[in-house]
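Enquirer: My questions all concern the structure below.
A short reminder: the numbers here are calculations on the coordinates, not readings from a lab. Every value quoted in this text rests on a predicted model; they were computed, and no experiment measured them. Cβ coordinates were reconstructed from backbone atoms using ideal geometry, including for glycine residues, and neighbour counts include every protein chain displayed.
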Amino acid sequence: MEGSGNGERRARRTGILIGFLVAAVIGLGVGLALALGGDDDKTDESVTTPTSATTQATTTTDKTVTTTPPPTTTTTPSGATITQTQAKSAAQRGASAAVVHFGISIPPGDWDARCTAVGGRSDAATWSCQVASNSGQCAGPITAFARAPGVPATRDERIGCGE
């Protein structure tokens with residue numbers, strides 16, 4: 001029965017090989033889990049958080065808390081603006097110039113102008129105006145705007161004149 005000894009050795013070698021392969025697969029699985037799981041040992045490493053003029057950051061070892069100050073509100077508009085008085089005056093001049101192509105001459109002082117700021121402020125870059133001649137002959141909308149700070153101009157004249 002010498003053949004049975006070789007079969008036992010072959011079975012033993014196969015068992016050892018299978019055991020080694022199982023141990024290798026388990027070891028690879030544990031190594032992969034540690035590599036993908038990240039650093040959970042809660043070591044005392046510092047966390048760097050960028051800060052700017054509008055964001056302040058507080059860093060601790062457990063978490064980062066970021067606070068942002070509330071936005072600042074400006075009451076004066078940026079850029080070129082004009083006042084309501086300047087807008088009315090510009091609307092009167094613009095209306096007077098607009099009706100010239102109808103062959104009508106109405107001086108700026110003979111126009112009634114009502115202007116509302118776009119954005120509802122006392123100074124604005126754009127004003128929506130309604131104009132009407134004192135004689136009632138001509139009326140319509142016109143836009144007054146700031147060409148430069150304190151320098152009004154007009155555009156979008158839609159003034160009509162009747163008999």
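Enquirer: For every other residue with a beta carbon closer than 14 angstrom to the beta carbon of THR154, add +1 if it is Lys or Arg and -1 if Asp or Glu, then tell me the sum.
Expert: +3
Enquirer: Sort 148-157, 18-27 for me by packing, meaning the mean count of neighbouring Cβ atoms within 10 Å per residue, highest on top.
Expert: The peptides rank, most packed first, as 148-157, 18-27.
Enquirer: Please list 6-17, 136-147, 108-119, 84-95 highest first by mean number of surrounding beta-carbon atoms within 10 Å per residue.
Expert: Result, highest mean Cβ count within 10 Å first: 84-95, 136-147, 108-119, 6-17.
Enquirer: Return the long-range amide H neighbours of ALA124 (sequence gap of 5 or more, or a different chain), with a cut-off of under 5 Å between placed amide H atoms.
Expert: For ALA124, whose amide H was placed from the backbone, the distant partners under 5 Å are ILE82.
Enquirer: Shifting gears a bit: Whole number please: convex hull volume per residue of the Cα set in the range 108-155, in Å³?
Expert: Output value, Cα hull per residue: 77 Å³.
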